[in-house]
Amino acid sequence: MGFLQMAYNQSVVPDHTLLVGCGQVGTQLGERLNAAGSQITALRRDPSDLPSSFTRLSIDLMQPVSETLPEVDSMVVTLTPTMLDPAGENGYLKALQHLAHALPNVPSRVVFVSSTRVFEGHSMARPLTEDDPVAPTSHRGETLVAGEQLAVELFGAHVVRPAGIYGPGREMLIRKVLANEAVQYNRLTNRIHQTDLVNTLYAILSAKEPPAVLHAIDQAPGVPLGDIVEYIASQLHVAVPPALEQDGSRGRILGGDRLHTWLGPLDYPTYREGYDSILAGR
């Protein structure tokens, strides 16, 4: 029996969830939680286009928060590591500190959404797992690692590292194929459909004892980019995009076995099912 089946008997949906930096993923998660009976409060700079069923807070975490945030029993943080403070400096860590100061108490369950980019410096042939050391090489990668560490320190957060997120509204590869734009055919890629990422976050919020760290990756890791664009082109009945000259960057293979064992079958186990669904909706 998969986790999602067991969840109905063994887990509890939080009463009140705070979504911090509520974009596409946060909105889809909030709608699902709301449908299950959870009250949703969403915090971002401009929350005007969020669902009316959410309590919407217009707050800029680059500044100290003057108001006390509501007391909640769960929180999901999906901030971007490139957010800038008023001085033009990276404010990712500052935003987490301002958030911590504005909370009346630490929620009993906090999820921090990071990225598999924390492994950008690795060149191992085997799949990288949650037990492998992080290896950031860019400022963004280092910021993500520092954010994970601070979120654990401040909130005792569970860390989720999604690979490349795709789904309705996240259709970059489809646009590239339609534009016949050249791509790196041999580059290894990893991805997760947005719905499966939302399923993962929902499960962590409601499970009794979720893993401390999870890679959100589908069941076809390390797929060459050329395989994916060729598949999309075949489904669209258009010409296959040309290949770019190789630049020596091969990418990495990231392991998602912990997620698949814990969560159970994904809705979109590979890019084929995922892109079939997106294209059917177009």
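Nothing in this text is a laboratory measurement; each read-out follows from the coordinates by a stated rule. Everything numeric here is computed off the predicted structure, so don't read it as measured data. Quick reminder, even Gly has a Cβ in these numbers, built from the backbone with ideal geometry, and neighbours come from all protein chains shown.
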*asked:* With +1 on the Cβ of every Lys and Arg and -1 on the Cβ of every Asp and Glu, and nothing else charged, how large is the dipole of the stretch 175-282 about its Cα centre, in debye rounded to the nearest 20?
replied: 160 debye
*Extreme residue, positive dipole direction of the stretch 3-281, given options V13, L43, V118 (C-beta unit charges)*: V118
_Convex hull (Cα only) mean projected area of the chain, reported in nm² to one decimal_ = 15.5 nm²
_If packing is taken as the average number of other Cβ atoms within 10 Å across a peptide's residues, how do 220-228, 31-39 rank, most packed first?_
220-228, 31-39
*List the GluC sites (Glu not before Pro) in the stretch 202-274 that DSSP assigns to loop (not H, G, I, E or B) and whose Cβ has at most 14 other Cβ atoms within 10 Å. Which are they?*
E245
*Taking the Cα atoms of the stretch 143-282, what is the range of coordinates along each of the three principal axes, in descending order and whole Å?*
49, 34, 23
*HN-Hα J in Hz across the stretch 112-128 - Karplus 6.51, -1.76, 1.60, θ = phi - 60°, x for Gly and Pro*: 10, 8, 10, 6, 6, 5, 5, 9, 4, x, 7, 9, 5, 7, 8, x, 7
*Say the dipole of the stretch 3-281 comes from +1 at the beta carbon of Lys and Arg and -1 at that of Asp and Glu; which of V106, S52, I278 then lies farthest toward its positive end?*
I278
*Report, in debye and to the nearest 20, how large the dipole of the stretch 51-197 comes out about its Cα centre when Lys and Arg carry +1 and Asp and Glu carry -1 on their Cβ.*
580 debye
*Tell me which residues come under 5 Å, amide H to amide H, from T55 once H is placed; ignore anything under 5 positions away on its chain.*
I40, T41, A42
*V13 long-range amide H proximity, modeled H, under 5 Å*: none
*In order through the stretch 51-58: 3J(HN,Hα) via Karplus (6.51 cos²θ - 1.76 cosθ + 1.60), integer Hz, x for Gly, Pro*: x, 5, 6, 8, 7, 9, 10, 8
*Two-site label geometry, L178 and A102: point separation in nm, points 7 Å out along Cα→Cβ*: 3.7 nm
*Sites R170 and D46 - FRET efficiency at Förster radius 22 Å, r taken between beta-carbons, to 0.05*: 0.65
*Using amide H atoms built 1.01 Å from N in the peptide plane, name the residues 5+ places from I165, or on other chains, whose amide H lies under 5 Å from its own.*
I192
_√(5λ) per eigenvalue of the Cα gyration tensor, the stretch 60-184, largest first, Å_ = 30, 19, 15
*Would you kindly state how much longer the chain becomes between L236 and N186 on full extension, computed as 0.36 nm times their sequence separation minus their alpha carbon distance, in nm to one decimal?*
15.8 nm
*Step through the residues of the stretch 256-271 one at a time and calculate ³J(HN,Hα) from phi using the Karplus curve (6.51 cos²θ - 1.76 cosθ + 1.60, θ = phi - 60°), rounding each to whole Hz and writing x for Gly and Pro.*
x, 4, 4, 4, 5, 5, 7, 7, x, x, 7, 5, 10, x, 9, 4
